[in-house]
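Take a look at the structure below.
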Amino acid sequence: MKSLRLLLSDSYDPWFNLAVEDCIFRQMTTQRVLFLWRNAETVVIGQAQNPWKECNTRRMEQDGIKLARRSSGGGAVFHDLGNTCFTFMAGKPEYDKSVSTGIILDALNSLGINASASGRNDLVMATPDGDRKISGSAYRETADRGFHHGTLLLDADLSRLANYLNPDVKKLQAKGITSVRSRVANLSEFLPDINHEQICAAAMEAFFNYYGSRVEPEIISPDVYPDLPGFPEQFAKQSSWEWNFGKAPAFSHSLDERFVWGGVEIFFDVEKGAIGRAKIYTDSLNPEPLETLAELLPGCYYRSDDVAACCEKVIARFPAQQQELRQLQQWLTTVLK
């Protein structure tokens, strides 16, 4: 009998939990793994998505919402403590996402929730108004193993989905994949008292029942680093701007604003989170500072602090235009969150 492994995370940090998931996946051999976890307020994007296209990054920064890029595909989702996250892993050829889907459906059924699988990665509840999505999943496979992870909406604040997943109106020509939006529902609509502990207990029991074996859970705590090979390095990567933002597909972005001293249009080409090319057009009577800024921007990361630092260099070189350049800097700092 191949061994089972059950892990429960006490951490609400998405970077921590995703690092744990990645480390377990890389070190597992013939085990069948179930990992249960949840994240505090976070937007989680797919491995190939563009955060500036998918997310309202300015509002996220204002509200202290983390961005986390996972290693699997799929679309952008909002997590809070009203979501329960699950990850199933197995070696090939045994890995089969229909098995893990069946385990989750069995767990829900044991609680009196009659859900069904729909499309490529959703679980739905049938209602008089049509199917409502209660779970979404994503997948990752290598040559010898695979995983299936997803979320169950228990009592999530669905009103906040639109706050962070609807981007500002930007002229983005992005190669990233736009998330498929769909009607969603919390399980608490159908089972008012449902909670994280209850759904975890049901998932564990369904996992044990399917494989005909039981194991003690391993508790993953945020207070000490897990004893997982390579975890500190993976946690550092998962937490980094370079991974969460810098791995975005190449895209172009245009900005325009009119100041008392003239209008400004800026065109960026961005690749791997850094500005590759910048063109600035203006009807200002003194365009030289802006031309200098356009020369300094390539190579700068596409984030407000870095662009503001470029502006500081221009201000130092053109002190007579400090007032106008400060206005430009403040505007860029605001729009490039």
*In the range 139-166, what residues are among the small types (G, A, S) and in contact with a strand residue (DSSP E or B) (Cβ under 6 Å, 6 or more places away or on another chain)?*
G150, A156
*For the range 110-124, name all the residues that are out of contact with any Ser or Thr (no Cβ under 8 Å at 6 or more places or on another chain) and not small (G, A, S).*
L111, I113, N114, R120
*Name every residue in the range 40-55 that is buried (at least 21 other Cβ atoms within 10 Å of the Cβ) and either in contact with a Leu (Cβ under 8 Å, 6 or more places away or on another chain) or among the hydrophobic types (A, V, I, L, M, F, W, C) (or both), in order of residue number.*
T42, V43, V44, I45, N50, P51, W52, K53, E54, C55
*Of the residues in the range 139-167, how many are part of a strand (DSSP E or B) and of a type outside the set (S, T, Y)?*
10
*Which ranges mark the strands (runs of 3 or more DSSP E) fully within the range 226-325 that have 2 or more residues being touching a helix residue (DSSP H, G or I) at 6+ places or on another chain (Cβ under 6 Å) and within 20 Å of L336 (Cα to Cα)?*
251-259, 274-282
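Residue by residue through the range 117-147, note down the ones that are aliphatic (A, V, I, L, M) and either within 19 Å of I199 (Cβ to Cβ) or open to solvent by less than 80 Å² (accessible area, probe 1.4 Å) (or both).
A117, L123, V124, M125, I134, A138
Regarding L336, is this residue among the aliphatic types (A, V, I, L, M) and closer than 23 Å to K66 by Cα?
Answer is yes for this residue.
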*Does the range 207-258 hold any residues that are closer than 30 Å to I280 by Cβ, of a type outside the set (S, T, N, Q) and under 19 Å from the mean Cα position of the chain (by Cα), and which are they?*
W241, E242, W243, F245, G246, K247, A248, P249, A250, F251
*Quickly run through the range 193-211 and pick out the residues that are in a loop (DSSP other than H, G, I, E, B) and either surrounded by 14 or more Cβ atoms within 10 Å (Cβ to Cβ) or in contact (Cβ under 8 Å) with a residue 24 or more places away in the chain (or both).*
I194, N195
*Could you tell me whether the range 296-310 includes any residue that is without any contact (Cβ under 8 Å) to a residue 24 or more places away in the chain and of a type in the set (K, R)?*
no
_Boolean, R59 is farther than 26 Å from G102 by Cα and more than 12 Å from the chain's Cα centre (by Cα)_ = yes
*Across the range 300-312, what is the total count of residues that are closer than 21 Å to G262 by Cα and open to solvent by 70 Å² or more (accessible area, probe 1.4 Å)?*
1
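Within the range 260-280, take every residue that is farther than 23 Å from W52 by Cα and of a type outside the set (V, I, T) and give me the one that is most open to solvent (accessible area, probe 1.4 Å).
So the residue we want is W261.
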*asked:* For the range 313-337: of the residues being under 32 Å from the mean Cα position of the chain (by Cα) and surrounded by 19 or more Cβ atoms within 10 Å (Cβ to Cβ), which is modelled with the lowest pLDDT?
replied: L336
_in contact (Cβ under 8 Å) with a residue 24 or more places away in the chain, closer than 26 Å to A274 by Cβ and surrounded by fewer than 16 Cβ atoms within 10 Å (Cβ to Cβ): is that true of P249 in this structure?_
yes
*With respect to the numbered conditions (1) open to solvent by less than 30 Å² (accessible area, probe 1.4 Å); (2) more than 20 Å from the chain's Cα centre (by Cα); (3) at pLDDT 85 or above; (4) not polar (S, T, N, Q), which one is the sole condition not fulfilled by R70?*
(2)
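The values are calculated or read from the model by the stated rules, or taken from the named source; none is laboratory data. In this text, all values refer to a predicted model and were calculated from it rather than measured experimentally. Heads up, the Cβs are rebuilt from the backbone with ideal geometry, glycines too, and the neighbour counts pull from every protein chain shown. Heavy atoms of the whole protein, side chains included, go into the accessibility calculation; ligands, DNA and RNA do not. Shrake-Rupley method; radii C 1.70, N 1.55, O 1.52, S 1.80 Å.
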